[in-house]
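Contents: one structure, followed by commentary.
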Amino acid sequence: MTKLRVRFTFPDNLVPRPVIWELSQTFKVVTNIRRAEVQENTGWVILELTGEEVEIQTGLEWVRTTGVEVELVSGDVLEG
């Protein structure tokens, strides 16, 4: 099993779409929201993804095709 922390940044047209839910339903990836901020026209979320490396990477490639920006995060996202 692999764990990876990522940040998704949503453009205004994708804020209402359940991209994280779709990711967990389409790929064998467990999503754990560590921090988030969502407003009417923008949003971001930091996730901890757990699963097989190939499932995580394939899932992240799919997320990028939706228009969500994906960045890798390092360190403890709950501290300052």
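Stretched out straight at 0.36 nm per residue, the stretch from residue 48 to residue 73 would grow longer than its current Cα-Cα span by 8.1 nm.
Here the 3J(HN,Hα) profile of the range 22-27, calculated from phi with Karplus coefficients 6.51, -1.76 and 1.60 at θ = phi - 60°, is 4, 4, 6, 7, 8, 10 Hz, Gly and Pro shown as x.
Amide H contacts for residue 73 (H built 1.01 Å from N in the peptide plane; partners 5 or more residues away or on another chain; cut-off under 5 Å): 5, 6, 7.
Three semi-axes describe the equivalent ellipsoid of the range 2-72; taken as square roots of 5 times the Cα gyration tensor eigenvalues and ordered largest first, they are 19, 12, 10 Å.
Positive contributions from Lys and Arg (+1) and negative ones from Asp and Glu (-1), summed over other residues with Cβ under 15 Å from the Cβ of residue 68, come out at -3.
Per-residue extension of 0.36 nm, minus the Cα-Cα distance of residue 57 and residue 22, leaves a gain of 11.1 nm for this segment. Across the range 2-72, Cα pairs under 8 Å and at least six residues apart give a relative contact order of 46 percent.
With charges only on Cβ, +1 for K and R and -1 for D and E, what is the dipole size of the chain about its Cα centre, in debye, rounded to 20? Using Cβ point charges on Lys, Arg, Asp and Glu, the chain gives about 100 debye.
Every number here is computed from the coordinates shown, using simple stated rules; none is lab data. Predicted model only: the values in this text are computed from it and were never measured. When we count neighbours, we look across all protein chains shown, and the Cβ atoms used for this are built from the backbone with ideal geometry, even at glycine.
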